[in-house]
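Everything on this sheet refers to the single structure shown next.
The values are calculated or read from the model by the stated rules, or taken from the named source; none is laboratory data. This is a predicted model, so every value here is computed, not measured. Note that each Cβ is placed from the backbone with ideal geometry, even for glycine, and that neighbours are counted across all protein chains shown. Side chains are part of the model used for accessible areas, which takes the heavy atoms of the whole protein and leaves out ligands, DNA and RNA. Shrake-Rupley method; radii C 1.70, N 1.55, O 1.52, S 1.80 Å.
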Amino acid sequence: MKLLEKTSRIYLMASLVIYLAVGITFYWIIKFMIYEEVESRLVVEKRDFETYVRANDTWSNNSYFVENKIEVQPVFGRFKNETVFTDTLISNRYEESPDPFRQLTFYTLIGGSPYRVAIRKSMIQSYKLIEAISAAMIAFLGLLLVSTFLFHRSLSGKLWQPFYDSLARIKDFDWTKNKPLETVRSEITEFNELGDVMEKMASKMQHDYRSLREFTENASHEIQTPLALINARVEQFIQSKDLGESHTYWIEEIYHAARRMSRLNQGLLLLAKIENQQFTEQENVDLSALVLNKLKDFEDIIQHKEIKVCIDEQGSFRKIMSPALGEILVTNLINNAIRHNYTGGELRISTNKDHIEVSNTGAALKSDPERLFERFKKESTGAESLGLGLAIVKQICDSCELHISYQYQEPMHVIKVAK
C-alpha cells in the first residue's frame, strides 16, 4: 500500500470519527436547547395557571390556555408534591396517529382540594425543526468531509510528487553506467536531504562497481598470465626426453595443478562478474536452440561414453539476457549432465516456451539436494571437477530472474530452468 493511500485512509477514518462525534454532540445540544425552550414555556403556563386558580379559586377550560392541553384531575390519598417534566404521546383526533408532547406535571389546591395538573405542549414543530437542522448538519458535514478529503488527497499528491519522481529515477538508475543519479529538487527540506543521501550512495556504488570491475579484470589478466607461462614451461619439460620417470610424474602433477588453478580462477572471476552485473548486453536469446547447438560440441565425448541422447522439443524457450551468459548456462548444464553420467547412460533434453529440462542418468546424490547449487559443492571426486559449474548456473538464473530446480526421479537427475 502506498504511503499516500495509507495516510488518506487514516485521515478519512479519523475525520469520520470526529465528524460523527461532532454531529451527535451538535444534535444533543440542539435538542437540549429546544427542550429547554419548551420547558420554560411550560413553566410560564404553570405560573399563569396558578395565578388563575388563586384569583378564581376554581378551574374551567379557558381560552387563555388554548395553546396547550391542560388536564386537571382530583387526587385522593397521599401524593408526592413535585414538579416533573416527561415525554408523552397523545392520539391525534384527525390523523389517528400519536403525536409527541412535552408534559409538565405538578400538584395544586383548587377550592381547598388537591388536584394533579398536567400541562402539555406539542413537540411536532420542535421535532421537525430538529430534523431539519440535523439534515442540514449531516449534509454540511458530509460535504465538508468529502471536500476536505479531496483537498487533502490532492495537496498530499502534489507535495509527495517530487518524492515519487525521485523514486522513479532511483528505480531506473543503472550503476554500471557512468551517468550519475540526479534526484528531483523540491521546496521540502526532507526530500532534498533524502535526495542528497541517495545521490551520495549512488556515487559510492558506481565507484565501488568500477573498482571491483577493474580488480576482476586485472586479476583475470595478471593471474592468467603467470599460470599460462607455468603451463607452457611444464609442457616443455614433459616433452623433454632427458627427464626420469619420477621427474615426469611430478611435473605432470604440477601441470594438472596449474590447469586446475587456472580453471578455478576463471570460474571465480566469472561468478564475480555475474554478481556485479558486468554482462550488460541484453538480447532475446533462444535458449532451446542454444542447447541443441551446444550438443554438437559434445558429440565426441557423448560417443565416447556411449550416452543415448533423447530430445523433446515442443517450443522455443526465450529470455531477454546476455548472450554470453546464455551460452555459459547451457554449456554448464550439458557438461554437468555428461560428466556425472555413466557409460551407456541416457541424456534427455526437453524444451518448450516455459522451461528447459536437462536430465541424465547417474548414481543417487550422497549429499543434501538443497546444497547442490552451492559453491565448491560436488559429488564427483575427480580432479577435473571444481564444484563451480552448477553454482555458476544458479548465479546466472538469479541475475536473469530465472528459476532453477533439481529433482531425482530414479535413475534420472532432472535440472529444470523456468521463467
- The listed residue being at pLDDT 85 or above, open to solvent by 70 Å² or more (accessible area, probe 1.4 Å), closer than 30 Å to Lys31 by Cα and in a helix (DSSP H, G or I), out of Leu143, Leu129: Leu143
- State whether the residues of the stretch 40-62 include one that is at pLDDT 85 or above and open to solvent by 90 Å² or more (accessible area, probe 1.4 Å). yes
- Message: Among the residues that make up the stretch 158-169, is at least one of them modelled with pLDDT of 85 or more, in a helix (DSSP H, G or I) and over 30 Å from Leu12 (Cβ atoms)?
- Response: yes
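Quick check on the stretch 146-157: of everything there that is touching a Leu at 6+ places or on another chain (Cβ under 7 Å) and more than 13 Å from Leu12 (Cα to Cα), which residue is surrounded by the most Cβ atoms within 10 Å (Cβ to Cβ)? Walk me through how you get there before you give the answer.
Initial filter on the stretch 146-157 (touching a Leu at 6+ places or on another chain (Cβ under 7 Å)): 149, 156-157.
Those still in the list that are more than 13 Å from Leu12 (Cα to Cα) too: 156-157.
Values: Ser156: 16, Gly157: 12.
Result: Ser156.
Among the residues of the stretch 285-307, are any among the charged types (D, E, K, R) and closer than 19 Å to Tyr408 by Cβ?
Pass one, the stretch 285-307, residues among the charged types (D, E, K, R): 286, 294, 296-297, 299-300, 305-306.
Checking which are closer than 19 Å to Tyr408 by Cβ leaves us with none.
Within the stretch 285-307, not a single residue is among the charged types (D, E, K, R) and closer than 19 Å to Tyr408 by Cβ.
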- Restricting attention to the stretch 171-206, which residues are in contact with a helix residue (DSSP H, G or I) (Cβ under 6 Å, 6 or more places away or on another chain) and β-branched (Val, Ile, Thr)? Thr183, Val184
- Task: Among the numbered conditions (1) touching a Pro at 6+ places or on another chain (Cβ under 7 Å); (2) more than 23 Å from Lys6 (Cβ to Cβ), tell me where Ser126 comes up short.
- Result: (1)
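On the basis of being aliphatic (A, V, I, L, M) and without any contact (Cβ under 8 Å) to a residue 24 or more places away in the chain, does Ile251 make the cut? Reasoning before the result, please.
Working: aliphatic (A, V, I, L, M): yes; without any contact (Cβ under 8 Å) to a residue 24 or more places away in the chain: yes.
Judged against the criteria, Ile251 is a match.
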- Name the strands (runs of 3 or more DSSP E) wholly within the stretch 69-124 that hold at least 3 residues that are of a type in the set (A, V, I, L, M) and under 24 Å from Met33 (Cα atoms)? 84-91
- Query: Which of the residues belonging to the stretch 162-196 are within 20 Å of the chain's Cα centre (by Cα), surrounded by 11 or more Cβ atoms within 10 Å (Cβ to Cβ) and free of Cβ contacts under 8 Å to residues at least 12 places away in the same chain?
  - Reply: Tyr164, Leu167, Ala168
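Scanning the stretch 1-39 for residues that are small (Gly, Ala, Ser) and surrounded by 15 or more Cβ atoms within 10 Å (Cβ to Cβ), which turns out modelled with the lowest pLDDT? Don't jump to the end; show me each part of the working.
Within the stretch 1-39, the subset small (Gly, Ala, Ser) is 8, 14-15, 21, 23.
From what is left, the residues that are surrounded by 15 or more Cβ atoms within 10 Å (Cβ to Cβ) are 8, 15, 23.
On the way: Ser8: 75, Ser15: 81, Gly23: 81.
Filtering the stretch 1-39 for residues that are small (Gly, Ala, Ser) and surrounded by 15 or more Cβ atoms within 10 Å (Cβ to Cβ), the one modelled with the lowest pLDDT comes out as Ser8.
Would you check if Ile138 is crowded, with 16+ Cβ neighbours inside 10 Å and either under 30 Å from Thr25 (Cβ atoms) or free of Cβ contacts under 8 Å to residues at least 12 places away in the same chain (or both)?
So Ile138 does not fit the description; no.
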